[in-house]
Amino acid sequence: MKKQRGFTLIELIMVIVILGVLSAFALPRFADFGQDARVASLNALAGALRAAANIAHAQQLADGATPGTAVVLEGASIAMVNGYPQAVQAGITDAAQVAGDYQIAHGAAAGGEEAVYTLTTGAGCTVTYTAATAATDNVNPITAAPQVVVNPNGC
């Protein structure tokens, strides 16, 4: 009597069919990571804006400068208002070194103005930086630190 070794062709085909059916159900759940990637990109941008604002603020404090005095970070002059970067190209955008994947709409040079960063792949996918505010610009006390708000709708 001979001993059987290995698997028969039918057994191998059945395993392949079962794996095919399982993958047909599982694949759609993991196929679209695009939205998650866009939201992660926005969160990374928000973190970069917060960090850049705090680094510029710390540099201004270390310099002993007044709240509206520009600071120099990595060779770039950063426009400041109320002790934090302005919502302009020469302010928060240069401080965070943001370029490439975002469309940017800047506010004016005064405190409380906004810079809106829009992810080019989604119209509603935005990060908004709002400059610090004070009762009178560049005069202490500062009434509100800068705000960074992520809006992932439309990603």
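The values are calculated or read from the model by the stated rules, or taken from the named source; none is laboratory data. Just so you know, these numbers come straight off a predicted model, no measurement behind them. Methodologically, a virtual Cβ is constructed for each residue, glycine included, from the backbone with ideal geometry; neighbour enumeration extends over all protein chains shown.
Annotations
- Scanning the stretch 53-71 for residues that are farther than 18 Å from residue 138 by Cβ and touching a strand residue (DSSP E or B) at 6+ places or on another chain (Cβ under 7 Å) yields a single hit, 55.
- If the condition is being more than 16 Å from residue 153 (Cβ to Cβ) and free of Cβ contacts under 8 Å to residues at least 24 places away in the same chain, then the stretch 38-59 contributes 44, 47, 54, 58, 59.
- The residue pairs whose first member lies in the stretch 61-74 and is in contact (Cβ under 8 Å) with a residue 60 or more places away in the chain, whose second member is exposed (fewer than 13 other Cβ atoms within 10 Å of the Cβ) and assigned to a loop (DSSP other than H, G, I, E, B), and whose beta carbons are closer than 7 Å, counting only pairs six or more residues apart or on different chains, are 67/140.
- Selection within the stretch 89-101 - farther than 18 Å from residue 58 by Cα, surrounded by fewer than 19 Cβ atoms within 10 Å (Cβ to Cβ) and either in contact (Cβ under 8 Å) with a residue 40 or more places away in the chain or not polar (S, T, N, Q) (or both): 99, 100, 101
- Filter pass, residue 10 being β-branched (Val, Ile, Thr), outside any loop (DSSP other than H, G, I, E, B), surrounded by fewer than 10 Cβ atoms within 10 Å (Cβ to Cβ) and modelled with pLDDT of 85 or more: yes
- Count - residues of the stretch 103-155 that are surrounded by 18 or more Cβ atoms within 10 Å (Cβ to Cβ), of a type in the set (Ser, Thr, Tyr) and at pLDDT 85 or above: 5
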